[in-house]
1. Looking at PHE483, PHE491 in this structure, which one is surrounded by 13 or more Cβ atoms within 10 Å (Cβ to Cβ) and farther than 24 Å from GLY410 by Cβ?
2. Being open to solvent by 40 Å² or more (accessible area, probe 1.4 Å) and within 16 Å of ligand 3 (Cβ to nearest atom) is true for just one of TYR67, TYR93. Which residue is that?
3. How many residues does region 96-114 contain that are open to solvent by less than 10 Å² (accessible area, probe 1.4 Å) and either within 30 Å of the chain's Cα centre (by Cα) or of a type in the set (Asp, Glu) (or both)?
4. Residues that are away from ligand 1 (no atom under 16 Å from the Cβ): find the strands (runs of 3 or more DSSP E) completely inside region 144-253 holding 2 or more of those.
5. Just one of GLY242, GLY236, GLY231, GLY262 is surrounded by 17 or more Cβ atoms within 10 Å (Cβ to Cβ), touching a residue at least 24 places away in the same chain (Cβ under 8 Å) and in contact with a Pro (Cβ under 6 Å, 6 or more places away or on another chain); which is it?
6. Can you find even one residue in region 87-96 that is part of a loop (DSSP other than H, G, I, E, B), modelled with pLDDT of 95 or more and in the same structural domain as TRP138 (by the TED database)?
7. Could you say which residue among GLY262, GLY224, GLY242 is closer than 30 Å to THR420 by Cα and away from ligand 3 (no atom under 16 Å from the Cβ)?
8. For residues that are touching a helix residue (DSSP H, G or I) at 6+ places or on another chain (Cβ under 6 Å) and not aliphatic (A, V, I, L, M), scanning just region 294-312, find the one that is nearest to ligand 1 (Cβ to nearest atom).
Amino acid sequence: MSAEETPLEVSRIFDTILVLDFGSQYSHLITRRLREFNVYSEMLPCTQKIKDLNWKPKGVILSGGPYSVYDEGAPHVDQEVFNLGVPILGICYGMQELAWINGKGVARGDKREYGPATLNVQDPECKLFTNVDHSTVWMSHGDKLQSLPTGFKVVASSDNSPYAGIAHEEKDIFGIQFHPEVTHTEQGKTLLKNFAVAICQANSNWSMENFIDTEINRIRKLVGPTAEVIGAVSGGVDSTVGAKIMKEAIGDRFHAIYVDNGLMRLNETEKVYKTLTEGLGINLTVVDATDLFLGKLKGVTDPEKKRKIIGNNFIHVFEAEAAKIKPADGQEIEYLLQGTLYPDVIESISFKGPSQTIKTHHNVGGLLEDMKLKLIEPLRELFKDEVRHLGELLGVPEDLVWRHPFPGPGLAIRILGEVTREQLRIAREADNIFIEEIVNAGIYRNISQAFAALLPVKSVGVMGDQRTYEQVIALRAIETVDFMTADWYVFEAAFLKKVASRIVNEVDGVARVTYDITSKPPATVEWE
Ligand SMILES: Nc1ncnc2c1ncn2[C@@H]1O[C@H](COP(=O)(O)OP(=O)(O)OP(=O)(O)O)[C@@H](O)[C@H]1O
Ligand SMILES: O=c1[nH]c(=O)c2[nH+]cn([C@@H]3O[C@H](COP(=O)(O)O)[C@@H](O)[C@H]3O)c2[nH]1
Ligand SMILES: NC(=O)CC[C@H](N)C(=O)O
Ligand SMILES: [Mg+2]
């Protein structure tokens, strides 16, 4: 990341609530909820040093977390946060942290409290609990406050938690034992709004319209009046929205590059070209690198090897294309557009750190690691649904905005075993039938992602009195919010019957169709 492109840029322009992440699985939901009522919020690890922030938050939220504050090695907040002079809200671990700092009265409870509880507000004057009394809140903790921290009073309780809500006697510092960010807490959003708007007095001016203007101006200033910029564009929603913002900001000085790696779906390249050029007026170069990719993949069956070969060859194609562009101002190309989203950023900054590598996700970072280009990442503060909303505002066609994600390695990770032109044909035709039927049934938007995988096993069948001995197609369709966990989609039996019959009848080389009914975990979305 270059010095100009800091992830905190937006926080200087919009009033921002800082969420310090202690590792709870719900931390990012706090950010989500605040943005839902138009207050901008950023999440940073709990280890963030306040002196290193180049912006001042309007308020700070300390998230929940899996640790116990009294454990050796448990994470603790930078004490400087209390000198910022802004309101603070501790949630679960965050509240226990406030109590630990102010008297150490935290210990293991007799029993864990997990699930719903009814909140009783003790202090009707407390601004945090306006319109929240007697509502259901959601608890998830094993530790509890044994006594009131020094300088605090009780403002709310529940049957099992006498200290469900505490507030400092003089300062705007609050703690709550329950989780307002989860939807099971009925008035959670109201409580967060009370904190952000009534107590922190954050301006609720965060909106996509404002974001677009801000981002376009920022890119213009960053790039200057003559420089040209390149970007890797796949026809997926992230890179298309990114490309559209660049186009609005600098017009044809933005060069989008689409690599046809031979692993795309049926007629995908033609469709993407048409939509991006004719539909959106984007200056797009299509590079046909089919021979290169299929040549390198010849004989390769190992999933990780396939992914690495594809990632590396993206780099080669991209570098070669970048070198061909001769900017009008005579300067070398300095900037590269990436479609990085907020979840990618969260994953890399999370206090818990990156998880074990399950599979090497091809992404733009890996794609262009060796390039000296500086990054422009207009979407790095946004969640996928926010990107979709942005796409709608920018006039990106609806079917593209709602397109299921398609991975960079394409069909190569949906064809198990060696990727050949013949295997690609089978996978493409089967996938096309499946998606066509999903669209016809009017359920495309109910499903998060759907595709056909081709298995390298043969099975016996009978067609027109003839014995067949052909391969197997596995259909996969999932529902998910964030693609980290997913469940399989429940189709009607008649639908599956129709798809199976069409695939076996219309696609040469397929004798059998199965439906994948595994959730993630333990499976993953893709088959490789
Ligand atoms: N065939 C391709 N040609 C050029 N760039 C690509 C190609 N495939 C992927 N990329 C680059 O890799 C990035 C990451 O791919 P990813 O699939 O996560 O995003 P996307 O394709 O933009 O959106 P979606 O998640 O909806 O598929 C893309 O934003 C794009 O910059
Ligand atoms: O751009 C991408 N490059 C990749 O290498 C890659 N691998 C998986 N995916 C997509 O990520 C989501 C989760 O997939 P998995 O459960 O298979 O990891 C699903 O949406 C997958 O399609 C990728 N996207
Ligand atoms: N959800 C949480 O933040 C839990 C905090 C702490 N680990 C507890 O068990 O009480
Ligand atoms: Mg994609």
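The values are calculated or read from the model by the stated rules, or taken from the named source; none is laboratory data. Note that the coordinates shown come from a computational prediction; the quantities given were computed from them, not determined experimentally. As a convention, Cβ positions derive from the backbone with ideal geometry for all residues, glycine included, and neighbour counts pool all protein chains shown. For the accessible areas, the whole protein counts, side chains as well, though only heavy atoms, and no ligand, DNA or RNA atoms are used. Shrake-Rupley method; radii C 1.70, N 1.55, O 1.52, S 1.80 Å.
1. PHE491
2. Working: TYR93 fails: open to solvent by 40 Å² or more (accessible area, probe 1.4 Å).
Sole residue among the options that is open to solvent by 40 Å² or more (accessible area, probe 1.4 Å) and within 16 Å of ligand 3 (Cβ to nearest atom): TYR67.
3. Number satisfying all stated conditions: 2.
4. Result: 152-157, 165-168, 173-176.
5. When all the criteria are applied, what remains is GLY242.
6. Here is the first cut: in region 87-96, the ones part of a loop (DSSP other than H, G, I, E, B) are 87, 92.
Then drop every residue that is not modelled with pLDDT of 95 or more, which leaves 87, 92.
From the residues that got through so far, the ones that are in the same structural domain as TRP138 (by the TED database) too are 87, 92.
Within region 87-96 (the criterion being part of a loop (DSSP other than H, G, I, E, B), modelled with pLDDT of 95 or more and in the same structural domain as TRP138 (by the TED database)), the answer is yes, since at least one residue qualifies.
7. Testing whether each residue is closer than 30 Å to THR420 by Cα and away from ligand 3 (no atom under 16 Å from the Cβ) leaves just GLY262.
8. GLY311
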